[in-house]
Amino acid sequence: MGAIDGIRDRFHWWLPFCAASVTILVCLLDALLESDGLLYFFLVIPTVSLSLFALFVATAIRKRRRDSLAILSMLAIYWTLSFAFIKNHSSIRNAERWSVWSHRYKAEVLAQANSGSEELKHVDWDGWGFPGAGDTTVYLVFDPTNSLAAAARSHHPGKFPGIPCTVPRITRMESQWYAVLFYTDERWGRPHWDCGMQD
């Protein structure tokens, strides 16, 4: 009987591995489908955490020490990966969407006729918002001279050539292509919006 209990109470290394794999998969799927990560933060993390904690308590009551340890390691891995995902959600989402859909967005921007103004060609890239809180928009911008490269490296807000408003952040997607985040309730090409509020 002791030998059987020893086999049953072995540490299951595949459980932490599965936790890491499934967490990464779910995080990537969430980044592709959700613009702000709030659903993952407020629904997925609490649900998974409570489920794993309940499983830990059940194994601890049954005195399955190694199973309990495996479940604790799953919880630690899940929290660590989830924290990294939430912290880097925007970067992960940009990279993932760019790898999947960049050719479509590039074609849409490059097909635009020259406006004759100094503004850079652009198209809606991403956005989020809530009723009463306003909408936030990110534009994909084509910058043939890479004049936005320094702004993308510095991560500082500012007013940059070819963009009508002061913006909080510019992210480089690849050479000549940038994601430009506008302040909430400001949009490109809408003259009745006050771009001067953030200047």
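What are the residues in segment 27-53 that are of a type in the set (S, T, N, Q) and at pLDDT below 95, if any?
Applying the first criterion (of a type in the set (S, T, N, Q)) to segment 27-53 yields 35, 47, 49, 51.
Result: Ser35, single match.
Has segment 67-77 got at least one residue that is surrounded by fewer than 15 Cβ atoms within 10 Å (Cβ to Cβ) and either free of Cβ contacts under 8 Å to residues at least 12 places away in the same chain or in a helix (DSSP H, G or I) (or both)? Scanning segment 67-77 turns up at least one residue that is surrounded by fewer than 15 Cβ atoms within 10 Å (Cβ to Cβ) and either free of Cβ contacts under 8 Å to residues at least 12 places away in the same chain or in a helix (DSSP H, G or I) (or both). Cβ separations smaller than 7 Å between residues 6+ apart or across chains give the following pairs from segment 130-152 residues that are within 24 Å of Gln112 (Cα to Cα) and assigned by TED's automatic domain parsing to the domain that holds Ser115 to residues that are surrounded by fewer than 14 Cβ atoms within 10 Å (Cβ to Cβ) and modelled with pLDDT of 95 or more: Thr137/Asp124; Tyr139/Asp124; Phe142/Leu110; Asn146/Ser175.
Condition check ((1) farther than 12 Å from Tyr139 by Cα; (2) touching a strand residue (DSSP E or B) at 6+ places or on another chain (Cβ under 9 Å); (3) of a type in the set (Gly, Ala, Ser)) across all residues:
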{"position": "Ala84", "(1), (2), (3)": "yes, no, yes"}
{"position": "Ile92", "(1), (2), (3)": "yes, no, no"}
{"position": "Glu96", "(1), (2), (3)": "yes, no, no"}
{"position": "Val100", "(1), (2), (3)": "yes, no, no"}
{"position": "Ala107", "(1), (2), (3)": "yes, no, yes"}
{"position": "His122", "(1), (2), (3)": "no, yes, no"}
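Of the candidates Arg97, Arg104, the single residue that is surrounded by 14 or more Cβ atoms within 10 Å (Cβ to Cβ), not in a loop (DSSP other than H, G, I, E, B) and not β-branched (Val, Ile, Thr) is Arg97.
The values are calculated or read from the model by the stated rules, or taken from the named source; none is laboratory data. These figures come from a predicted structure and were not determined experimentally. When we count neighbours, we look across all protein chains shown, and the Cβ atoms used for this are built from the backbone with ideal geometry, even at glycine.
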